[in-house]
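Below: one structure, written as structure tokens.
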Amino acid sequence: ENCGYEIGWVINKKYWGIGIANELTKRIIEYSKTLDIKSLIIECDENQSASKHIAEKNGFVYEGKTGNIEIYRLML
């Protein structure tokens, strides 16, 4: 199975850098496990270093690239 549920965040710039996206990611992972979801995906522009950092920090593994979009997957 190569499909998964995609997660992402849209946060007002004045709230960047204080851990909101990371905390949301942790909670989404926990909740996804209760729903027996098999995998989560984060797609981000290759220049979004903060998003890539959050993905890797939460155990997502780089899976590949489509154009300038990088794909990270977490198997649950």
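The values are calculated or read from the model by the stated rules, or taken from the named source; none is laboratory data. Keep in mind that this is a model prediction, so the values were computed, not measured. Cβ coordinates were reconstructed from backbone atoms using ideal geometry, including for glycine residues, and neighbour counts include every protein chain displayed. For the accessible areas, the whole protein counts, side chains as well, though only heavy atoms, and no ligand, DNA or RNA atoms are used. Shrake-Rupley method; radii C 1.70, N 1.55, O 1.52, S 1.80 Å.
Okay, here's what the table says:
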{"item": "First in the stretch 2-13 and touching a residue at least 24 places away in the same chain (Cβ under 8 Å), second anywhere and assigned to a loop (DSSP other than H, G, I, E, B) and hydrophobic (A, V, I, L, M, F, W, C), Cβ under 6 Å, 6 or more apart", "result": "5/37"}
{"item": "The stretch 12-24, subset touching a helix residue (DSSP H, G or I) at 6+ places or on another chain (Cβ under 8 Å) and at pLDDT 95 or above, residue surrounded by the fewest Cβ atoms within 10 Å (Cβ to Cβ)", "result": "22"}
{"item": "Residue count, the stretch 45-60 (criterion: within 17 Å of residue 26 (Cβ to Cβ) and in contact with a strand residue (DSSP E or B) (Cβ under 8 Å, 6 or more places away or on another chain))", "result": "8"}
{"item": "Only one of 70, 46 that is surrounded by fewer than 17 Cβ atoms within 10 Å (Cβ to Cβ) and of a type in the set (Asp, Glu)", "result": "46"}
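One line per residue, one yes/no per condition, for (1) open to solvent by 60 Å² or more (accessible area, probe 1.4 Å); (2) closer than 18 Å to residue 11 by Cβ; (3) hydroxyl-bearing (Ser, Thr, Tyr):
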residue	(1), (2), (3)
26	yes, yes, no
30	yes, no, no
34	yes, no, yes
42	no, yes, no
52	no, yes, no
55	no, yes, no
59	no, no, no
64	no, no, no
